[in-house]
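The values are calculated or read from the model by the stated rules, or taken from the named source; none is laboratory data. Keep in mind that what you see is a predicted model, and the values were worked out from it rather than measured. FYI the Cβ positions are ideal-geometry reconstructions off the backbone, even for glycines, and counts take in every protein chain you see.
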């Protein structure tokens, strides 16, 4: 193998390693930023809505709903459909799937119970036909 080929391979390896590191850093930064937004949002900046109304807005006009809720903290109240490990699913026209922060316990919640969470909206998952939230915390 010539020196030129070795140099090209070395440069490609460096580019791959740097790219992977930047991707990981950006994901960690996004996670940290979303957690801070949810945990420290001023009460006046939180959009409060029922699970049914939130889902209906997406059913009526997905693009408008995405624009309305983009980069916001949303507080949702609705009936529990299912509780999984660090995941709360509420009933609605589209089920609302909230991925909870790591320190949140959902042990006391039962199917049919009314629950309220605050989270960072991701939008409609077209494959699962459900609305997704990340970094959510339980309010009640």
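Set side by side, the residues 127, 91, 79, 103 differ, and just one is surrounded by fewer than 18 Cβ atoms within 10 Å (Cβ to Cβ), closer than 29 Å to residue 44 by Cβ and without any contact (Cβ under 8 Å) to a residue 12 or more places away in the chain, which is 103.
Being touching a helix residue (DSSP H, G or I) at 6+ places or on another chain (Cβ under 8 Å) and touching a residue at least 24 places away in the same chain (Cβ under 8 Å) holds for only one residue in 120, 133, and it is 120. When each of 63, 110 is tested for being modelled with pLDDT of 90 or more, touching a strand residue (DSSP E or B) at 6+ places or on another chain (Cβ under 9 Å), over 16 Å from residue 137 (Cα atoms) and surrounded by fewer than 17 Cβ atoms within 10 Å (Cβ to Cβ), the lone residue that passes is 110.
Take segment 49-88 and flag every residue that is farther than 19 Å from residue 105 by Cβ, assigned to a strand (DSSP E or B) and within 16 Å of the chain's Cα centre (by Cα). Residue satisfying the conditions is 74 alone.
Given the criteria at pLDDT 85 or above and touching a strand residue (DSSP E or B) at 6+ places or on another chain (Cβ under 8 Å), does residue 80 qualify? Break it down stepwise before answering.
On the way: at pLDDT 85 or above: yes; touching a strand residue (DSSP E or B) at 6+ places or on another chain (Cβ under 8 Å): yes.
Considered against the rule, which asks whether it is at pLDDT 85 or above and touching a strand residue (DSSP E or B) at 6+ places or on another chain (Cβ under 8 Å), residue 80 comes out as yes.
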